[in-house]
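Trainee: Have a look at this one.
The values are calculated or read from the model by the stated rules, or taken from the named source; none is laboratory data. Values in this document were obtained by computation on a predicted structure and should not be read as measured data. Note that each Cβ is placed from the backbone with ideal geometry, even for glycine, and that neighbours are counted across all protein chains shown.
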Number of protein chains: 4
Amino acid sequence: MVIVMAADATPWDIQAIVELVEAAGGEAFVSRGVSRIIIGLVGDVDQFATLNLRGMPGVRNVVRISAKYKLVSREHHSERSTVRVAGVPIGPRTVTLIAGPCAVETLDQTLAAARMAQAAGATLLRGGAYKPRTSPYAFQGLGERGLRILAEVREETGLPVVTEVVGAHDVETVASYADMLQVGTRNMQNFALLQAVGEAGRPVLLKRGMNATIEEWLMAAEYIAQRGNLDIVLCERGIRTFEPSTRNTLDISAVPVVQRLSHLPVIVDPSHSGGRRDLVLPLSRAAVVAGADGVIVDVHPHPEIALCDGPQALVHEDLEELARSVTELTAFMGRRQPAGELVAG
Amino acid sequence: MVIVMAADATPWDIQAIVELVEAAGGEAFVSRGVSRIIIGLVGDVDQFATLNLRGMPGVRNVVRISAKYKLVSREHHSERSTVRVAGVPIGPRTVTLIAGPCAVETLDQTLAAARMAQAAGATLLRGGAYKPRTSPYAFQGLGERGLRILAEVREETGLPVVTEVVGAHDVETVASYADMLQVGTRNMQNFALLQAVGEAGRPVLLKRGMNATIEEWLMAAEYIAQRGNLDIVLCERGIRTFEPSTRNTLDISAVPVVQRLSHLPVIVDPSHSGGRRDLVLPLSRAAVVAGADGVIVDVHPHPEIALCDGPQALVHEDLEELARSVTELTAFMGRRQPAGELVAG
Amino acid sequence: MVIVMAADATPWDIQAIVELVEAAGGEAFVSRGVSRIIIGLVGDVDQFATLNLRGMPGVRNVVRISAKYKLVSREHHSERSTVRVAGVPIGPRTVTLIAGPCAVETLDQTLAAARMAQAAGATLLRGGAYKPRTSPYAFQGLGERGLRILAEVREETGLPVVTEVVGAHDVETVASYADMLQVGTRNMQNFALLQAVGEAGRPVLLKRGMNATIEEWLMAAEYIAQRGNLDIVLCERGIRTFEPSTRNTLDISAVPVVQRLSHLPVIVDPSHSGGRRDLVLPLSRAAVVAGADGVIVDVHPHPEIALCDGPQALVHEDLEELARSVTELTAFMGRRQPAGELVAG
Amino acid sequence: MVIVMAADATPWDIQAIVELVEAAGGEAFVSRGVSRIIIGLVGDVDQFATLNLRGMPGVRNVVRISAKYKLVSREHHSERSTVRVAGVPIGPRTVTLIAGPCAVETLDQTLAAARMAQAAGATLLRGGAYKPRTSPYAFQGLGERGLRILAEVREETGLPVVTEVVGAHDVETVASYADMLQVGTRNMQNFALLQAVGEAGRPVLLKRGMNATIEEWLMAAEYIAQRGNLDIVLCERGIRTFEPSTRNTLDISAVPVVQRLSHLPVIVDPSHSGGRRDLVLPLSRAAVVAGADGVIVDVHPHPEIALCDGPQALVHEDLEELARSVTELTAFMGRRQPAGELVAG
């Protein structure tokens, strides 16, 4: 941590800071420039953060140097990690396709969507039983009945299940059915939920908050990691900007940026960021060649009657094209797609 | 709801929409212009919303006309509401000052802050026992011990207590101590929490999500109202923008905009939006004359050692100036400050 | 300037930086902490900025300490300035009301608007003859004919004229009619225009770019100041955010923030930020008590037929209320409104 | 255009609107629903836009249906266009690589950069002689001397030249040297400049304003097209968001979105959006597979001493990898790279 003093800071201002830092068990080094004085702090940065140094007289700026997250940082864990979901890898050597309906509506619809997904090369099934919806009047999901449908479809298809959990009190129930727990964009800073999934013994898919900086996203992952769970996959799904033509703006740069900062795998959700079917294919391609470790897409056998986000779900023709693109671009990137048989393992 | 058809829409496209709407129990009126066809829908809008009309062939745009929220809307409840917190009114005829420490640390600190608040004209005490923090390494609050301190300070000062609840499972505990439950900015779309506070039998202070549109904020209030609780006070606390010189950008316009759309009272938090002590006074003044029904500020007897957000807490000198400003500007607005004695009632 | 080295920076990396800085005529001081090394630079910061220090091996971060603007900074000019427009002051001791039509349409309309403005206490007349419009199909202004109308209205009313200039090649023409040149939000980084108005010998009203940070805005002012013109008044007019209920989001905090950083006066435009008539009054009040040195509003005798921004123009009833509010709140702030007779001076 | 009336609109309100529209030469059709009345307008939309219908009593909302741009819209020109720059095509059947230094500094540096660009498959040379810089203290470009260097390098290499023009008064000079005129992000709404390049008889590269919606960008293109110049290539270069880890956020979705709305070619600038060398390669790949018609990148023989944006310039090793990626992904997209020999034509 570095403290930059104001031009008119007095020797007493400086002394006060040095004493405060030393009282907190740290060391303070004063460097005098021509027009400014800088104080470098050595010690426990998180403790310094509680000192309100920024509010001390004579202080112009306080600059934090070390990263605010540790367990998920690449600083002390330089090799990128692979997370396995019931045997299916998500990591730097593969491009994993996850697909399924936005919301589980019926067994027939979910099974049909899963078969579409599998035919397109998906090795994990997504599907929502608990749906966080902006309007209280929108369809809120089938709850545990939806989880039972997902388990049944897994039985039929062999596809492990990724599904969202929306409250800390549901974690145990959802974890008893699901192979991977998803934390949605609106819950990225629901800290009670993060801690609960950190203790649930399942891999976690952590979507980026639509308003979250990359640093905040990694700190949210740190909440999960702190509880002993490092099987975390990050998912870029678009951020909120002023542009109205897409629901959110996919921050494609986040893929390489996060991979530099953190060892965790990163996948991309092109369906929810754009909110438009015609963008899913170009954005999926873009994700793979930007280095994403996977792609997660909505599919629905009959999107025109979907209870949730039908306008963005892929249908049969789109999926064939998606399958071809992902296969070819995965090879271009020198990676492979996880084999279906691993799934059964 | 109005459907605008594309220039090249066919008669079959139009027929398909009319049939779909009628099958859903609605009526569809087709208006033919020179270059466009428009279809007006009459019936249950929320049901139409599940039809994915936007994805139908030939559709260019779907325009929703009625508000997405009902219970909190001013459309069917034109008079603005007053919410009472243990007798203290928040509403269109008053300007209510709420003050206290960001986080409860000790009994002494909380009591000192409460006395400062009361001397400045505050009639409600704020203070956090459960703190949602971006970093898992930051101070997370005293929990129930903090609630007991708040209850003790209420006993001493007569100030009713406003405190945050961060998870659905804590609502019952917090409600057993607090006079008003606060839902924080990061939890504005934690729907499980919204439903739980909707059933807790206490007034609710609903902060705007830092990334939430006004419409989303009112829909979050609707979640609470749906559970039978209309004692909701909205709190504007700044939104996330590209400007780095303040923590968030206070959206002062939100005050009159919300008051046009909803009958609920709206207050302003100038401490958390700016994150800087020197902005609290000008932003508090601005809030009162923009029509806010109250102001909520951080105070701390010793901000330089505060465990949370010390840089923005007001100290004694600031508070005197704040008290004078709020008193004079409240009179200018033709309103009054709630009397302290009401508090005891 | 401070350079923070990466944890794995080598002695050669450090040596390379020291040599580069010294070759550029500066000095570099190396401070070794426990886990990090920091290099403080002393010398010409603007020259260091060309060295691409951020791209050197081993560099983690480069932190600039001194402000990027000098002439408009308060650092070496601590007293806040007053700018005089044909005798009318805008500065820390007054609250100046500027009013007039968004666009000059006819002599009758402009004169009527000017009389309305004057009756409400305005001491400067605003009005656009050159209009930058997003659509090429929208009304683009009367050009020099509009300037002649403004001059005629000034003759009639005694109100000095503030009007926008949209291109460097028009500066001379506009300056020959106007008392103050306005640079609009879309031109805040039109550097050719900034330089031209810097040489025109007239005070300048510099609107904030709707996408500009406060630092960029002050650097735009620095472009004008560099050409020898320090008669610059800054105007906050809203920034672009995700909130759709207002055209832009008025950044009311910018008023006190800028006044801390720069000695230049700052006024507020509540008409263009909101784009809605019903917000002009509450936002004008908020501006005055947040410390703004003036307010600039649109008025129109018949807004329902205005050629530009009619929906936000004030009409007679609104103006009376605005006049009363500005008068009372100016007194509350311990300031005064410039007297009309000064105008004639 | 559709007018949605408020629930409490009176018959007189409706009559007033009908009369106003008819007086303006249009027709108004009133549709009565159960709870609302809607008025559809037929006629000249741009004229209706001047009527301030939104401000009329009883009006709740005014919805514009037709696009605000015409000449650049795909609505009446469904085939996507190819723009030729001195013979080099940019359009739907090719992926064109444009490369060169951010700023022209010396003949040697520019020539070395051009040879690097050409070796990597670039068929157009970019390079700035006039630089719009946020700080007045930053390097502002060599001006006409830079243009002469570019012309000399074109002579040597056969690469046509793309260069920025920053003011309307420079257009003629720049057009006398350049093969394509670039309008930069800060000038996207400098309407005088747009009109001047519209008349200069050269193809135009129009960068998206960092704060501009796609609709505003297309309206800026319409300004150029209106002057008779339809040889416009759009360039997505990142928008301003709250995320600080990249200079701007590349809006990769804009590529397919714009290609649906407009017939103009769209290319991507991955250098300026990220501002980081390590992002150029992944973002370039993403651009090609998202359907971009070209990519424009910064290269520099010695980025560590570049006078402008050195941290983002590609060096030799990067360029080889970029060349390989663009070649392979262009083939994947069923397109081709323009041949070098065309350049001479």
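Trainee: Just a yes or no: is a residue in the stretch B:167-189 surrounded by fewer than 24 Cβ atoms within 10 Å (Cβ to Cβ), among the aromatic types (Phe, Trp, Tyr) and modelled with pLDDT of 95 or more?
Mentor: Yes.
Trainee: Moving on to the next point. Suppose the filter is surrounded by fewer than 18 Cβ atoms within 10 Å (Cβ to Cβ), of a type in the set (A, V, I, L, M, F, W, C), in contact with a Phe, Trp or Tyr (Cβ under 8 Å, 6 or more places away or on another chain) and farther than 30 Å from B:ASP44 by Cβ; does D:ALA24 pass it?
Mentor: Details: surrounded by fewer than 18 Cβ atoms within 10 Å (Cβ to Cβ): yes; of a type in the set (A, V, I, L, M, F, W, C): yes; in contact with a Phe, Trp or Tyr (Cβ under 8 Å, 6 or more places away or on another chain): yes; farther than 30 Å from B:ASP44 by Cβ: yes.
It is true that D:ALA24 is surrounded by fewer than 18 Cβ atoms within 10 Å (Cβ to Cβ), of a type in the set (A, V, I, L, M, F, W, C), in contact with a Phe, Trp or Tyr (Cβ under 8 Å, 6 or more places away or on another chain) and farther than 30 Å from B:ASP44 by Cβ.
Trainee: Next up: Among D:LEU307, D:LEU261, D:LEU250, which is touching a residue at least 24 places away in the same chain (Cβ under 8 Å) and touching a Phe, Trp or Tyr at 6+ places or on another chain (Cβ under 7 Å)? Steps first, answer last, please.
Mentor: Values: D:LEU261 fails: touching a Phe, Trp or Tyr at 6+ places or on another chain (Cβ under 7 Å); D:LEU250 fails: touching a Phe, Trp or Tyr at 6+ places or on another chain (Cβ under 7 Å).
D:LEU307 is the lone residue from the list that is touching a residue at least 24 places away in the same chain (Cβ under 8 Å) and touching a Phe, Trp or Tyr at 6+ places or on another chain (Cβ under 7 Å).
Trainee: Still on this structure, please answer the following. Within the stretch C:229-245, how many residues turn out to be surrounded by 24 or more Cβ atoms within 10 Å (Cβ to Cβ), more than 7 Å from chain B (Cβ to nearest Cβ) and among the hydrophobic types (A, V, I, L, M, F, W, C)?
Mentor: Number of matching residues: 4.
Trainee: Let me ask something additional. Filter the stretch D:117-129 down to the residues that are part of a loop (DSSP other than H, G, I, E, B) and touching a Pro at 6+ places or on another chain (Cβ under 7 Å), then identify the one that is farthest from the other protein chains (Cβ to nearest Cβ). Show your work before the answer.
Mentor: Going residue by residue through the stretch D:117-129, those that are part of a loop (DSSP other than H, G, I, E, B) are D:120-123, D:127, D:129.
Now restrict to residues that are touching a Pro at 6+ places or on another chain (Cβ under 7 Å): D:123, D:127.
On the way: D:THR123: 22, D:GLY127: 18 Å.
Step by step, filter the stretch D:117-129, then rank; the result is D:THR123.
Trainee: Would you please name the residue that is nearest to A:CYS308 (Cα to Cα), looking only at residues in the stretch A:271-283 that are facing chain D (nearest Cβ under 9 Å) and touching a Ser or Thr at 6+ places or on another chain (Cβ under 9 Å)?
Mentor: Applying the first criterion (facing chain D (nearest Cβ under 9 Å)) to the stretch A:271-283 yields A:273-274, A:276, A:278-279, A:281-283.
Then keep just the ones that are touching a Ser or Thr at 6+ places or on another chain (Cβ under 9 Å); that gives A:273-274, A:276, A:279, A:281-283.
Values: A:SER273: 15, A:GLY274: 15, A:ARG276: 13, A:LEU279: 18, A:LEU281: 20, A:PRO282: 22, A:LEU283: 21 Å.
Across the stretch A:271-283, the extreme among qualifying residues is A:ARG276.
Trainee: Report whether or not A:ALA220 is buried (at least 21 other Cβ atoms within 10 Å of the Cβ), away from chain B (no Cβ under 12 Å) and under 24 Å from B:ARG247 (Cα atoms).
Mentor: Numbers: buried (at least 21 other Cβ atoms within 10 Å of the Cβ): yes; away from chain B (no Cβ under 12 Å): no; under 24 Å from B:ARG247 (Cα atoms): yes.
Criteria not met by A:ALA220.
Trainee: Also, quick follow-up: Please go through the stretch C:125-143 and pick out each residue that is within 24 Å of the chain's Cα centre (by Cα) and of a type outside the set (A, V, I, L, M).
Mentor: Within the stretch C:125-143, C:ARG126, C:GLY127, C:GLY128, C:TYR130, C:LYS131, C:PRO132, C:ARG133, C:THR134, C:SER135, C:GLN140, C:GLY141, C:GLY143 qualify.
Trainee: Do we find that C:MET180 is in contact (Cβ under 8 Å) with a residue 24 or more places away in the chain and away from chain D (no Cβ under 13 Å) in this structure? Full working, then the answer.
Mentor: Values: in contact (Cβ under 8 Å) with a residue 24 or more places away in the chain: yes; away from chain D (no Cβ under 13 Å): yes.
Considered against the rule, which asks whether it is in contact (Cβ under 8 Å) with a residue 24 or more places away in the chain and away from chain D (no Cβ under 13 Å), C:MET180 comes out as yes.
Trainee: Restricting attention to the stretch A:306-333, which residues are touching a His at 6+ places or on another chain (Cβ under 8 Å), in a loop (DSSP other than H, G, I, E, B) and surrounded by 17 or more Cβ atoms within 10 Å (Cβ to Cβ)?
Mentor: A:ALA306, A:ASP309, A:ALA313
Trainee: What are the residues in the stretch D:130-149 that are more than 14 Å from chain C (Cβ to nearest Cβ), under 27 Å from D:GLY209 (Cβ atoms) and of a type in the set (A, V, I, L, M), if any? Lay out the reasoning, then the answer.
Mentor: Within the stretch D:130-149, the first condition is being more than 14 Å from chain C (Cβ to nearest Cβ), and the residues that meet it are D:142, D:144-149.
From the residues that got through so far, the ones that are under 27 Å from D:GLY209 (Cβ atoms) too are D:142, D:144, D:146-147.
Those that are more than 14 Å from chain C (Cβ to nearest Cβ), under 27 Å from D:GLY209 (Cβ atoms) and of a type in the set (A, V, I, L, M): D:LEU142, D:LEU147.
Trainee: A follow-up question, please. Give the number of residues within the stretch C:150-177 that are farther than 13 Å from C:GLY100 by Cα and either more than 9 Å from chain D (Cβ to nearest Cβ) or outside any helix (DSSP H, G or I) (or both). Working first, answer last.
Mentor: Of the stretch C:150-177, the ones farther than 13 Å from C:GLY100 by Cα are C:151-152, C:155-156, C:158, C:165-177.
Adding the requirement that they be either more than 9 Å from chain D (Cβ to nearest Cβ) or outside any helix (DSSP H, G or I) (or both) leaves C:151-152, C:155-156, C:158, C:165-167, C:171-177.
Qualifying residue count for the region: 15.
Trainee: For the stretch A:132-165, enumerate the residues that are crowded, with 22+ Cβ neighbours inside 10 Å and polar (S, T, N, Q).
Mentor: Within the stretch A:132-165, A:THR163 is the sole residue that qualifies.
One line per residue, one yes/no per condition, for (1) of a type in the set (A, V, I, L, M, F, W, C); (2) over 22 Å from A:SER325 (Cα atoms):
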| site | (1), (2) |
| --- | --- |
| A:PRO89 | no, no |
| A:GLY100 | no, no |
| A:THR110 | no, yes |
| A:THR134 | no, yes |
| A:VAL171 | yes, yes |
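Trainee: Do we have any residue at all in the stretch B:48-57 that's in contact with a helix residue (DSSP H, G or I) (Cβ under 7 Å, 6 or more places away or on another chain) and under 25 Å from B:GLY198 (Cβ atoms)?
Mentor: No: the stretch B:48-57 contains no residue that is in contact with a helix residue (DSSP H, G or I) (Cβ under 7 Å, 6 or more places away or on another chain) and under 25 Å from B:GLY198 (Cβ atoms).
Trainee: What residue, among those in the stretch C:284-305 that are under 24 Å from C:GLN140 (Cβ atoms) and more than 10 Å from every other protein chain (Cβ to nearest Cβ), is surrounded by the fewest Cβ atoms within 10 Å (Cβ to Cβ)?
Mentor: Start the filter on the stretch C:284-305 by keeping residues that are under 24 Å from C:GLN140 (Cβ atoms), which leaves C:296-305.
Within this subset, residues satisfying the condition of being more than 10 Å from every other protein chain (Cβ to nearest Cβ) are C:296-299, C:301.
Values: C:ILE296: 28, C:VAL297: 29, C:ASP298: 29, C:VAL299: 30, C:PRO301: 19.
The selected residue is C:PRO301.
Trainee: From the list A:PRO92, A:PRO57, exactly one residue is assigned by TED's automatic domain parsing to the domain that holds A:GLN226 and either of a type outside the set (Ser, Thr, Tyr) or under 26 Å from B:CYS102 (Cα atoms) (or both). Which is it?
Mentor: Working: A:PRO57 fails: assigned by TED's automatic domain parsing to the domain that holds A:GLN226.
Step by step, each of A:PRO92, A:PRO57 is checked, and only A:PRO92 is assigned by TED's automatic domain parsing to the domain that holds A:GLN226 and either of a type outside the set (Ser, Thr, Tyr) or under 26 Å from B:CYS102 (Cα atoms) (or both).
Trainee: Could you list all residues from the stretch D:263-301 that are more than 15 Å from D:LEU205 (Cα to Cα) and of a type in the set (Gly, Ala, Ser)?
Mentor: D:SER271, D:SER273, D:GLY274, D:GLY275, D:SER284, D:ALA286, D:ALA287, D:ALA290, D:GLY291
Trainee: Of all the residues that make up the stretch B:246-270, how many are out of contact with any Gly (no Cβ under 9 Å at 6 or more places or on another chain), surrounded by fewer than 23 Cβ atoms within 10 Å (Cβ to Cβ) and at the interface with another protein chain (Cβ under 9 Å from one of its Cβ atoms)?
Mentor: Within the stretch B:246-270, residues that are out of contact with any Gly (no Cβ under 9 Å at 6 or more places or on another chain), surrounded by fewer than 23 Cβ atoms within 10 Å (Cβ to Cβ) and at the interface with another protein chain (Cβ under 9 Å from one of its Cβ atoms) number 2.
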